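The values are calculated or read from the model by the stated rules, or taken from the named source; none is laboratory data. Given the structure is predicted, the values throughout are model-derived calculations rather than measurements. FYI the Cβ positions are ideal-geometry reconstructions off the backbone, even for glycines, and counts take in every protein chain you see. Surface accessibility is based on the protein's heavy atoms, side chains included, excluding ligands, DNA and RNA. Shrake-Rupley method; radii C 1.70, N 1.55, O 1.52, S 1.80 Å.
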Amino acid sequence: MLPRSMRTKSFVLTVLLLSVIPIASVADGTQAADSIERGRELAFDRRKGNCLACHAIDGGDLAGNYGPPLLLMKSRFPDRDVLRAQIWDASVRLPSTRMPPYGRHRILTEDEIDLVVDFILSL
Amino acid sequence: MKSLNLKTLLIVCACVALLAGVVQADPETERQTMVDYFQKKFPNVELAEFANGIYAFDENAREQWIEIEDFPPYEIAIEDGEAFFNTPFANGRGYADCFENGGIAVRQNYPYFDSSKGEVITLEFAINQCRQDSGEQPLPWMTGELAAISAYMSFTSRGNPIDVQISNDDSGALAAYAAGKQLYFTRRGQLNFACSHCHVQSAGLALRADPLSTTLGQATHWPVYRFKWGEIGTLHKRFKECSEQVRAQPFEAQSAEWRNLEFYLTYMSNGLEINGPASRR
C-alpha cells in the first residue's frame, strides 16, 4: 500500500488524467467535425471546389456524372497522401485526366485542399 | 566516309518524310474516325440526329425542346435578319451583291479557306467584309444585327448538307485545319481542359445538370437562341462561354485562331444538314 500522501497524489493525477483525456478528445472531435464541415463547404462551393459539377457526393444536390461518385473513400484511399495528390494534380497519376489540378493551378490553397481531403475521407 | 554521310542523310530524309506523312492531317480520314467514334458511343442515335446537340440523346431535355420549337424563340431574329439583309447600303449595294446565289442557301459552304488571302472566311466574317467593302461600319460579332443576318442566311440554307472543302494539296487550308484541330485538343485555362475533354471523351455525361454535346453536330445550327443568354448569339459567343468556363483567356471573336477552330469543327460535321438557327437551353 502506498503512503497516504502518495495515494492522494495518484488519485488526483488519475482524476486529472481522466478528466483531461475526455476534454481533449472532445476538443479533437469538434475540431475534426469542424474541418469536415469547412471541407464540405469548400467542396460544394461553385467558386471553390465545385466537386459536385462532376461527382455525386452524399448531401450534395444537382451533381454531375462527369467523374465517378465519391463514396467509401476511406477504404478506397487508405493512404491520405494519395487522395491529396489526386486533388492537387490528378495528371501525375493519369496524364489524360479530366479533373482540374486544384493545387498545381492554385484553384484551392494548400490549407483548403487539406480541409477538402478531411471531408472526402469522411464519406 | 562521304558516301556514308550521304546514306545517313538519305535515311534521315526518308524518316522525316515518313513522319510528315503520318503527322500531316488527312481531314477526311479524321472526320470518318470521329463519326465512327460517336456512332459506337451512341449506337441508338442516328447520324443525322447529331445535328441536334444534346437533344439527340437526352430524352428529358428533348421533350422540352420539341415543345419550345413549336414557338421558336429565334423567329424574330430571322424576320429582323431578312429585313437587314434586304436594306441597301448607302452606296446602293447590298448583301446579296457579295455572295454567290444572292446569299440565299449558301451557309453550307462556310467557312472556306481563301487561298489568295491565306485565311479562313467564316460566314460572319464575310458579312462584315461585305459591309466594309461598301464603306459601312462592321457590326459587333456575337449578338444583335450580325447574328440576325446570319440567322436569316442559315434559315435559307436549312436542309443543305454541310460541304466544307479541303483539298489534300492545299497546304494553306490543311494548315488552318490543323491549327483549329490543335486548339480543340489543347488544354487551356486554370481548370486545364481541352474542348475535347468535354465534347469527345465526356460527351453524353453531365456537368451538374448539363449533358455535354458531341463534336459531331456542334457547327450545324448557328446562330443559337440560348435561354441563358436571352438572345441569339453566334458560334464564337459559345466559344467564349466555354473558354470562360475553364477560366481561360478567350481569343477574340473572329480572330484567326477561332476562325481556324470553326473551320475544323465545321469540317467534322460535313454531310450533316444545316439546321440553324436553333434553340438551346
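When region B:169-191 is limited to residues that are among the aromatic types (Phe, Trp, Tyr) and open to solvent by less than 30 Å² (accessible area, probe 1.4 Å), the one that is nearest to the other protein chains (Cβ to nearest Cβ) turns out to be B:Tyr184. Of all residues in region B:108-121, those that are free of Cβ contacts under 8 Å to residues at least 60 places away in the same chain and on the phi > 0 side of the Ramachandran plot have Cβ atoms under 9 Å from Cβ atoms of residues that are outside any loop (DSSP other than H, G, I, E, B) and aliphatic (A, V, I, L, M), 6 or more apart or on another chain, in B:Gly118/B:Ala176. Pairing each residue of region B:30-47 that is assigned to a helix (DSSP H, G or I) with any residue that is polar (S, T, N, Q), provided the two are 6+ apart or on different chains, yields C-beta distances under 7 Å for B:Arg31/B:Asn270; B:Met34/B:Thr215; B:Phe38/B:Thr214; B:Leu47/B:Gln39. Against the condition part of a loop (DSSP other than H, G, I, E, B) and more than 16 Å from the chain's Cα centre (by Cα), how does B:Ala203 come out, does it pass? It is true that B:Ala203 is part of a loop (DSSP other than H, G, I, E, B) and more than 16 Å from the chain's Cα centre (by Cα).
In the set B:Ile166, B:Ile149, only one residue is within 23 Å of B:Tyr37 (Cβ to Cβ), among the aliphatic types (A, V, I, L, M), surrounded by 20 or more Cβ atoms within 10 Å (Cβ to Cβ) and away from chain A (no Cβ under 14 Å); that residue is B:Ile166. Which condition does B:Arg62 not pass, out of (1) in a helix (DSSP H, G or I); (2) in contact (Cβ under 8 Å) with a residue 24 or more places away in the chain, if it passes all the others? Every condition holds for B:Arg62 apart from (2).
For region B:192-249, the tally of residues that are hydroxyl-bearing (Ser, Thr, Tyr) and away from every other protein chain (no Cβ under 14 Å) stands at 6. Scanning region B:227-249 for residues that are out of contact with any Leu (no Cβ under 9 Å at 6 or more places or on another chain) and either among the small types (Gly, Ala, Ser) or open to solvent by 30 Å² or more (accessible area, probe 1.4 Å) (or both) yields a total of 13.
In the set A:Arg84, A:Arg76, only one residue is in contact (Cβ under 8 Å) with a residue 12 or more places away in the chain and out of contact with any Lys or Arg (no Cβ under 9 Å at 6 or more places or on another chain); that residue is A:Arg84. Here is the figure for region A:92-123: residues that are open to solvent by less than 30 Å² (accessible area, probe 1.4 Å) and within 23 Å of B:Cys198 (Cα to Cα) total 7.
A single member of A:Asp81, A:Asp118, A:Asp89 is out of contact with any Leu (no Cβ under 9 Å at 6 or more places or on another chain) and within 11 Å of chain B (Cβ to nearest Cβ), and it is A:Asp89. In region B:265-281 there is at least one residue matching the filter, namely being modelled with pLDDT under 95, touching a strand residue (DSSP E or B) at 6+ places or on another chain (Cβ under 8 Å) and either within 17 Å of B:Ala56 (Cα to Cα) or away from every other protein chain (no Cβ under 14 Å) (or both).
Just to be sure, is B:Gly144 at positive phi and over 14 Å from the mean Cα position of the chain (by Cα)? So B:Gly144 passes the test. Before we move on, is A:Thr109 of a type in the set (S, T, N, Q) and either over 23 Å from B:Phe185 (Cβ atoms) or touching a residue at least 40 places away in the same chain (Cβ under 8 Å) (or both)? Against the criterion (of a type in the set (S, T, N, Q) and either over 23 Å from B:Phe185 (Cβ atoms) or touching a residue at least 40 places away in the same chain (Cβ under 8 Å) (or both)), A:Thr109 qualifies.
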